[in-house]
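One structure below.
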Amino acid sequence: MSKTLSEKRFINHEFKEAATGLRRMAKNGNPRGIYCLGEMLVHEFMFTENVKQREEGLRILADGLIAGDPLCLIAYARYDVGLHGQELTSAKRAKLAAKAQEMVKDDNTLPSVIKMAEGGDVLAMMELGMAYGFGILVKPDRDMALSWLTKAADAGYWAAMLQAAGILMRQQDTEVRRKAFGYVEKAAKMGDNLALVRLGDCYHYGLGCEKSFEQARRCYDMACRSEDSILAVYSMSRLYDDKQFPQASEIQTTIWTEKAAQLGSVDAMCVMGDRAYYGRGVPKDMKAAENWYKQAVKTRNGRGYFAMGRFKIYTAKIKDGIKYMEKAAQAGWPEGYYILGLMKMQGIGMKVDRRRGRVLLEQAAAAGVVDAKDVLNSREKINLLEALRRI
């Protein structure tokens with residue numbers, strides 16, 4: 001399949017040069033332009049945490065899905081798990097759900113993506129890999145996911161490099177992790193700020209490379225120079241919070257964390273709330289802690305709901321805690337499933353519902369919450385406050 005210049009620029013991570021052309025293509029209903037533009041906006045959100053940017057990207061991908069593009073179907077489904085479409089009008093949500101169901105049932109949807117991927121289309125390779133990774137249109141298959149993502153990464157597609165690296169880094173094999181590091185390093189050199197932060201993480205924790213705090217600081221510092229560098233600023237705070245870092249500093253940790261929170265980082269808002277709650281780096285102040293959690297809740301992020309729910313439970317406001325834990329679970333936050341499951345199993349603040357509680361614990365376990373797996377395999381009663389402290 002021949003590519004437009006804007007599409008080539010997108011694949012090569014030349015976002016500024018590609019943006020105008022992609023918007024023109026999307027406006028004219030070109031499915032490739034719609035996919036690339038939506039993917040670009042949602043990806044940039046991961047670095048900037050600009051919620052409006054993410055919502056615009058999802059709306060664009062939803063347009064592509066409704067128009068019947070299979071790549072947009074897979075991309076939207078993996079970004080907006082469950083196709084909730086919260087950023088859409090109710091009418092558009094209905095169209096989205098109906099079209100998604102129609103395409104999933106259509107026997108030609110998956111073969112069309114496979115045909116494109118086998119024909120050398122790197123965007124199709126990427127989404128076919130993600131389809132296997134998330135179990136969209138097919139049963140989850142990690143090996144097939146990695147195979148297609150690696151092909152797209154080796155063909156020079158920056159997004160596939162990051163996704164392939166994410167899978168490879170989960171393995172404990174040194175050589176495999178070095179390959180993952182190579183992908184992250186290459187994506188960073190292409191100009192991807194998220195990759196630059198991930199490269200800093202590799203140096204920070206010694207993933208696929210020799211641990212180097214100075215190299216980590218250098219990567220984070222370079223990323224911090226970009227506009228809307230929220231993730232980089234928060235990553236710098238984590239570096240200063242690492243007790244093994246020679247320049248570790250409670251003062252610097254607080255400064256960088258508060259800066260990230262003020263820029264809009266949900267993680268940083270929650271950490272600042274925790275710091276105020278426990279009196280770490282700032283005076284102990286319950287009102288200040290609650291205000292930070294309120295800021296996190298306003299972002300409608302699962303972690304923000306969870307942090308507020310935990311705070312309410314800690315302060316013995318169980319009903320309010322349940323309300324926020326339910327919102328955290330609805331937003332797909334794994335720890336929200338876990339705590340809400342425990343509360344339902346034990347009837348804390350509600351009637352005992354062991355069946356529903358077990359379902360929630362199974363969802364948490366499937367999402368990687370180790371404590372949830374332990375609870376499912378144990379008959380001992382788990383203390384709720386202790387469970388919260390362990391998270």
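Here are some notes:
- Spatially proximal aspartates and glutamates relative to K259 (Cα-Cα < 16 Å; intrachain offsets below 8 disregarded): E49, D221, E227, D228, D241, E250, D267, D274
- Charge context of M169, other residues only, Cβ under 10 angstrom, K/R +1, D/E -1: +3
- Using R0 = 41 Å, the C-beta based FRET efficiency linking N28 and R358 works out to 0.20.
- Note on F134 and K211: the extension gain reaches 24.6 nm, defined as 0.36 nm multiplied by sequence separation minus the Cα-Cα distance.
- Measuring only protein heavy atoms, the 1.4 Å probe finds R354 accessible over about 140 Å².
- Residue-count net charge about K211 - beta-carbon cut-off 13 Å; Lys, Arg +1, Asp, Glu -1: -2
- For the chain, the spread of Cα positions along each principal axis, largest first, Å: 61, 50, 40
- Accessible surface ranking for F10, F134, F213, 1.4 angstrom probe, highest first: F134, F213, F10.
- Nearest-0.05 FRET efficiency for A94 and D320, computed from C-beta distance (R0 35 Å): 0.60
- Spin-label pair S112/D141, simplified geometry with 7 Å Cα→Cβ offset, distance in nm: 2.1
- With respect to the chain, whose longest principal axis is taken over its alpha-carbon atoms, helix 302-314 is tilted by about 10°.
- Taking Cα atoms only, the orientation of helix 158-169 departs from the longest principal axis of the chain by about 50 degrees.
- Near I74, once Lys and Arg are set to +1 and Asp and Glu to -1 for all other residues with Cβ below 11 Å from its Cβ, the sum equals -2.
- Equivalent-ellipsoid semi-axes for segment 1-65 (Cα gyration tensor, √(5λ), whole Å, largest first): 18, 14, 9.
- C-alpha center-to-center spacing [segment 139-161, segment 13-32] in angstrom: 24
- Protein accessible area in the chain, 1.4 Å probe - carbon and sulfur %: 49
- The GluC sites (Glu not before Pro) of segment 149-218 that meet both conditions, a loop assignment by DSSP and at most 10 other Cβ atoms within 10 Å of the site Cβ, are E210.
- C-alpha long axis of helix 354-366 to longest principal axis of the chain, angle in °: 60
- The listed residues V271, V113 rank as V271, V113 when sorted by accessible area, largest first, using a 1.4 Å probe.
The values are calculated or read from the model by the stated rules, or taken from the named source; none is laboratory data. Note that the coordinates shown come from a computational prediction; the quantities given were computed from them, not determined experimentally. Don't worry about glycine lacking a Cβ; one is built from the backbone with ideal geometry, like all the others, and counts go over all protein chains shown. All accessible areas refer to the heavy atoms of the entire protein, side chains included, with ligands and DNA or RNA removed. Shrake-Rupley method; radii C 1.70, N 1.55, O 1.52, S 1.80 Å.
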